[in-house]
1. List the strands (runs of 3 or more DSSP E) inside the stretch 116-202, counting only whole elements, that have at least 1 residues being under 22 Å from the mean Cα position of the chain (by Cα) and closer than 25 Å to residue 102 by Cβ.
2. Which residue, of 55, 71, is surrounded by 14 or more Cβ atoms within 10 Å (Cβ to Cβ) and more than 14 Å from the chain's Cα centre (by Cα)?
3. Taking the stretch 121-151, which residues are among the hydroxyl-bearing types (Ser, Thr, Tyr) and surrounded by 15 or more Cβ atoms within 10 Å (Cβ to Cβ)?
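Bear in mind that the values in this text are calculations on the coordinates, not laboratory data. It should be emphasised that the depicted structure is a prediction, and the values quoted were computed from it without experimental measurement. Cβ sites come from the backbone with ideal geometry, for glycine too, and all protein chains shown count toward neighbours.
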Amino acid sequence: MKFRDRIGHAWKALTDPDWIKKLEEASGWSYNSASGMNVTSESAMRISTVNACVRIIAETCASLPLDIYHRLDSGGRELARKHPIYSVLHTRPNPWQTSFDWRVQLFTHLLLRGNYYALALDHGDMLIDDIIPMNPDTAKVEQLPDYTLRYTFTGSKGETLGPYPKPGIKVLHIRALSSDGVLGRSVIADARESFGAALATQEFTGKYWSNGATPSGVIKIKGKLAEGQADRIRSQWNDDHGGASRSNKLHVLSEDADFTKIDITAEDAQFIETRRFQRADIAGLFRVPMFLLQSDSNTATYASAEQFMLSFVVHCIRPWIINVEQALHRNLFSAPEFYFPEHNLDAILRGDIKSRYEAYQIARNQGILSKNEVRAKENENPLTKPEENGDSHLSLAEIQNAKKGAAL
């Protein structure tokens, strides 16, 4: 079988839901919880809070510009758009995915399964041309006596792919939190009880509402009912009002009937509180602030949206992107001492326009930024005319004059 065809089977294994389900059950990627619910990465995504957290983290990380830089002898750096791997990471990692698609998948695998695997292919030129994602549930990782790692994967027809790496094929393996340094830990497995309880609560909620939830009231009828009359009234009421979609329909009662509304019970209130606790519990596992989940619970407040995003970036986003940057640097770069990848966090750390412009003015007046460096941060074209001095920094005398002007 040609290598391209074998990769095609690996991709089918990555995308076929039936194959994934069978594999999870057979390989131990399915976890039983005390609630009785079977927890897998796929079933966990049916929990609304898990789905929201994974999308927030994966899509935020994938939306950040991913650039390649050249490390200069002077200690500085410059953007290396002409590096061969730049277009692979920044634009087209493989024939069917954009950079955004690929990175969303990458972070989703890390968040749900704890490991991301891909085959990095070169076509005889020793430079990476394609990054082919592999199903993490089919991976087998073995550490050899020399401490190197050997990888094999299972295709959709049960065939073995590998072992890798081999000439022309590198393995890109990115781990989440790891105990042994070889395999990442899955938050779904580690916190299976939390996810199992959430699944059980969600299933109960669905059945609860499909059956009309708590009785909204009681129909009182004067006198004694004939045989079967109560059943007919109950059946008619359920036909008209059973289920959430019919809960607000108008119903007409006879003159001998009276409807008494039943208010929410203490048990109902406790059930709602349980749902809120589970939402906060899961958000904490993913380190996603509750305000991003649009929760109505009381959370810490900050003075501005800038501080909100700074907290999210520092405690959630930054650890993930550093992990990915270092793995890309280790696995894909033939001259890692000269080139390195880096995400640009400026896009999500930008404050309001007034705060940004005040910060730019301070940086300009201190000689820290040039006009063009400021314009680049605002996604504006550089000043290219010599008389515009776009790349020059203020001299000491100009800085002192700027300070005098500010004092006036």
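1. On the way: elements: 130-134, 139-143, 149-154, 160-164, 169-175.
Correct list: 130-134, 139-143, 169-175.
2. When all the criteria are applied, what remains is 71.
3. Filtering the stretch 121-151 for residues among the hydroxyl-bearing types (Ser, Thr, Tyr) gives 138, 147-148, 151.
Hits for the stretch 121-151 are 138, 151.
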